[in-house]
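Novice: Let me begin by handing over the structure; questions about it come next.
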Amino acid sequence: DLYAFYKRNYFKDQEKLKRNEAEKFKRFNPTAGTFKFFMAPPTLSLIGLSAKNPNLDQFNNFVGGVGFGLGGDYYYKDNRFISLELSNRVNQFDDFWWSGHEVLARKLDISVRKGHRKNRFEYSYGISYTYTDYNYSLPRDNSPIKPFMSDDNRRHFTDSYSALGFSTLINYQLTSVMYIGVRYNPSIYSFRSSGKSFDYEHIIGFDYRLKF
């Protein structure tokens, strides 16, 4: 009859609602055994380079917006996780117009962090290995105006080195997949062609990532 029909539909709707609520709860409250893949689009970063780099006479900070990141989080407890991340940052905004920069540094970073979660907040800390591809150009020869995209009169030099340091990240979960926060990756010991030594550099920036 009509009453039984509406009764069956009511219980079906209630079961569907409970399943949706359980799924939403799980997205905002990862449980032990959960793995989440993440990707981080380009964001604003402050890249600090030491005076040991060629063409720099003192520690310098450069602002950049080119880069990416990807990795995964594994929750070994409901509020604890291990994070592995590969990220790339460049001290400029447009990777195609490199010729206009006196100093260009690309930093490729691999980090392993231990993370903690409280409600929607996550913070993690760990160690990192950073490879830096460093390029610098001597100024143009006494001529302020040159043809568009012409670098024929400039001398370019390259250098590369690796460094060990730390990685920290604080995030807040906005939606089921969107996170925003800040990162601080200091490197403290470098391996250069000139030798090994303590050498401070950093990456400080906004963090935006999507977790699936």
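The values are calculated or read from the model by the stated rules, or taken from the named source; none is laboratory data. Nothing here was measured: the structure is a model prediction, and the numbers come from that model. In this analysis, Cβ positions are derived from the backbone assuming ideal geometry, glycine residues included, and neighbour counts consider all displayed protein chains. Please note that ligands, DNA and RNA were not included when accessible areas were found on the heavy atoms of the full protein model with its side chains. Shrake-Rupley method; radii C 1.70, N 1.55, O 1.52, S 1.80 Å.
Novice: Given the alpha-carbon gyration tensor of the stretch 31-124, what are the semi-axes of its equivalent ellipsoid in whole angstrom, ordered largest first, with each equal to the square root of 5 times an eigenvalue?
Specialist: Ellipsoid semi-axes (Å, largest first): 33, 14, 10.
Novice: If you don't mind, another one. For the pair Tyr172 and Tyr74, how long in nm is the line joining their label points, each one 7 Å along Cα→Cβ?
Specialist: Going from the Tyr172 label point to the Tyr74 one covers 3.1 nm.
Novice: Note down the net charge around His116, summing +1 for each Lys or Arg and -1 for each Asp or Glu among other residues with Cβ under 12 Å from its Cβ.
Specialist: Residues near His116 contribute +3 overall.
Novice: If I model a spin label at Phe206 and Ser193 as a point 7 Å from the Cα along the Cα→Cβ vector, what separation in nanometres do I get?
Specialist: Between Phe206 and Ser193, the label points sit 3.8 nm apart.
Novice: Now for a separate question. Please arrange Met39, Met178 by accessible surface area, largest first, computed with a 1.4 Å probe and ligands excluded.
Specialist: The most accessible residue leads, giving Met39, Met178.
Novice: Sticking with this one: Kindly write out, for the stretch 160-172 in residue order, the coupling ³J(HN,Hα) from the Karplus curve 6.51 cos²θ - 1.76 cosθ + 1.60 (θ = phi - 60°), rounded to whole Hz, with x marking Gly and Pro.
Specialist: Those phi angles translate into 8, 7, 10, 8, 10, x, 10, 9, 10, 8, 10, 9, 10 Hz.
Novice: Holding the Cα-Cα limit at 29 Å, pick out from Lys107/Lys211; Lys26/Lys114; Lys107/Lys196; Lys77/Lys211; Lys36/Lys107; Lys36/Lys196 the pairs that are longer than that.
Specialist: Pairs exceeding 29 Å: Lys36/Lys196.
Novice: Can you check what the net charge comes to around Asn60, using other residues whose Cβ is under 11 Å from the Cβ of Asn60 (Lys, Arg +1; Asp, Glu -1)?
Specialist: Result for the local shell: -3.
Novice: Cβ under 9 Å from Gly181's Cβ, Gly181 left aside: what net charge do those residues give with Lys, Arg +1 and Asp, Glu -1?
Specialist: 0
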